[in-house]
Amino acid sequence: MAAYVVLDITTAVSADADLVRSSYAAMRLVARNAIAPLAVASVLIGTVTALSTPWGLVRHYWVLAKLAITLIATGVLLLELSTIDRLAVAARAAADPRVLPSTLPHSVGGLVVLLIALLLSTYKPRGVTRYGWRRQQAQRASR
C-alpha cells in the first residue's frame, strides 16, 4: 500500500509526463498483483483465524468492526481496479498524462483504513456482543 501511495503522489505532483505515465502503469501492476490479492487473502485468513481463536468472529465488537472495515475496503478496492486500469491505459495513450485525475483520496483512505484495522488488532477494545456475553455466561456456568 505504501508503494501505491508513493506512486499516486507522483501522478498528482510530478511535472515529468513520462514519470507520470510510468507511475500509472506501475500503480496498475501494484494494485492488481499485490494489493488486491492480499486484500482478499486478508478477508479469508482473518475470518478463518477469528473462527479458530477464543476471540471468535462475532463475540467481540472490535472483531466485527475489523471484519466490516476489511470487507468494505476490499470491496472498494475491487471496484476501484477498473478505474486504475482505465487510468493506466489513458496515461499510455495521452499526450500529457498529467491532466488525468488522481486516485489519491482512495489510496490515502485505504492507508487510513489499514491503520484503523491495525489499531483495533493491537488494542482490542473491550466490549462483547450479546452472543459473546451469552457465551461467556455459559462458560462460567459450566465451570
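Points to keep in mind about this one:
- Per-residue 3J(HN,Hα) values for region 122-138, derived from phi via the Karplus relation 6.51 cos²θ - 1.76 cosθ + 1.60 with θ = phi - 60°, read 7, 9, 6, x, 5, x, 9, 6, 4, 4, x, 5, 4, 5, 5, 5, 5 Hz in sequence order (x marks Gly and Pro).
- Taking all protein chains together, D16, D8 sort by accessible area into D16, D8, largest first [probe 1.4 Å].
- Summarising the amide proton neighbourhood of H60: residues at separation of 5 or more, or on other chains, whose placed amide H is nearer than 5 Å comprise T129.
- Under 12 Å, Cβ to Cβ, from V89 - net charge with Lys/Arg +1 and Asp/Glu -1: +3
- Residue-wise HN-Hα coupling along region 109-120, computed from phi with Karplus coefficients 6.51, -1.76, 1.60 (Hz; x: Gly, Pro): x, x, 5, 5, 4, 4, 5, 5, 4, 4, 4, 4
- Relative compactness, the chain, computed as alpha-carbon Rg over 2.2 N^0.38 Å: 1.38
- Förster-model FRET efficiency, 35 Å R0, L119 and L51, C-beta, rounded to 0.05: 0.95
- Sum of -39500 (n - 2.57) over DSSP H runs of 4+, divided by residues of the chain (222 nm, nearest 500): -25500 deg cm²/dmol
- Estimated vicinal HN-Hα couplings, Hz - region 93-108 in sequence order (Karplus 6.51, -1.76, 1.60; Gly, Pro = x): 8, 6, 5, 10, x, 5, 7, 6, x, 9, 9, 4, x, 5, 5, 5
The values are calculated or read from the model by the stated rules, or taken from the named source; none is laboratory data. Quantities reported herein were computed from a predicted structural model and do not represent experimental measurements. So basically every Cβ, Gly included, is an ideal-geometry build from the backbone, and we count neighbours across all protein chains shown. Note: accessible area is taken over every heavy atom of the protein model, side chains too, but ligands, DNA and RNA are not part of it. Shrake-Rupley method; radii C 1.70, N 1.55, O 1.52, S 1.80 Å.
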